[in-house]
């Protein structure tokens, strides 16, 4: 029996995945938590064989408090760059997209319990290339623009002239393959660059 802890922030997903796993003969959900700070205590109390967690929960948890329990991390492709900074110590970590079918999660749990790797190739590639085409300054300019700051405010915040900000925005639009600044913001957000 694979003792499994679910640490997911959506009550709907938590309930649905729990229901799917209950139908499996070899998997038992021993705990469900909907807050990242509750994960270490649940791991200590329930001693699961595998933890299934949202990437947001993993980032907010001191993973050293989780022992060596394998963890299946569910991540949205737009947040893939955050996978690079995830410190996991000696623990085996599997990574799947958060929108995969429940059966892939079931298979991932089984594979991690056998200490086999579980990786979504597209997420790994996205994490490796998540920096995107923008320079650091262009990222700053676009992030402020995405928050609704006008050119003059962006210029003042970054100590630039308005013309320099407009030049950056023009380059950003071309680099991301957009037609407008609004579209550039959308593309950069979807790619996880801002």
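Laid out as a table, the results:
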| quantity | calculated |
| --- | --- |
| MRE, 222 nm, helices only [DSSP H, n ≥ 4, -39500 (n - 2.57), over the chain, to nearest 500] | -13500 deg cm²/dmol |
| Within a Gaussian network of the chain (alpha carbon springs, distance under 10 Å), most fluctuating of 70, 48, 150 | 150 |
| Choice from 12, 134, 169 with maximal GNM fluctuation in the chain (Cα, 10 Å cutoff) | 12 |
| Which labelled figure in (1) 106, 42, 32; (2) 64, 30, 28; (3) 69, 31, 27 is Cα extents along the principal axes in Å, once derived from the coordinates | (2) |
| Cα gyration tensor shape of region 136-191, rounded if a/c is under 1.5, else prolate or oblate by comparing a/b with b/c | prolate |
| With Cα atoms, 0 to 90° folded angle of helix 181-191 axis to the chain main axis | 20 |
| Crossing angle, helix 162-175 versus the chain [Cα axis fit, 0-90 degrees, rounded to tens] | 50 |
| Candidates 159, 15, 132: whichever shows maximal mean-square fluctuation once the chain is modelled as a Gaussian network with Cα springs under 10 Å | 159 |
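Laboratory data are not the source of any read-out in this text; all were calculated from the coordinates shown. Because the structure is predicted, anything quoted here is derived from the model rather than measured.
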